[in-house]
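Working notes, beginning with the structure itself.
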Amino acid sequence: MFKNYLKSSFRNLSRNKAFSAINILGLMAGMASAILILLWINDEVSYDRFYTNTSRMYMMFSRDKFDGKLQAWNSTSKPLAPALKKDYPEVEDAVRFNNITFLVSAGE
């Protein structure tokens, strides 16, 4: 029975080549888009999930208006972490992170 389904499918594809090509290309584009969206969602949801108690972690952002648009970035002033820890009893701990890359080569 499966053999008959394959025969009829290939006959239909060979008779209507342009229509079949459009349908197959559309299916490929849709599946590729869905896979990319799912990968993006997985990346967004899994951010910092390797830590314990992730529901109690927060990231601080600075924001300001430039040319009439509100912009935000993930860097703050250095004294913010100790000030948050000192002034707010809800803050258990504060960490500062500096994203610096170094070039390292073999033999050094």
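Cβ separations smaller than 7 Å between residues 6+ apart or across chains give the following pairs from the stretch 93-108 residues that are within 25 Å of Pro79 (Cβ to Cβ) and modelled with pLDDT of 75 or more to residues that are small (Gly, Ala, Ser) and surrounded by 10 or more Cβ atoms within 10 Å (Cβ to Cβ): Ala94/Ala81; Val95/Ala81; Arg96/Ala81.
Residues of the stretch 32-64 that are more than 18 Å from the chain's Cα centre (by Cα) and without any contact (Cβ under 8 Å) to a residue 12 or more places away in the chain: Thr52, Asn53, Ser55, Met57, Arg63, Asp64.
The residues in the stretch 61-95 that are touching a strand residue (DSSP E or B) at 6+ places or on another chain (Cβ under 8 Å) and among the acidic types (Asp, Glu) can be counted, and the count is 1.
The values are calculated or read from the model by the stated rules, or taken from the named source; none is laboratory data. Owing to the predicted nature of the structure, the values given are computational and were not obtained by experimental measurement. Cβ coordinates were reconstructed from backbone atoms using ideal geometry, including for glycine residues, and neighbour counts include every protein chain displayed.
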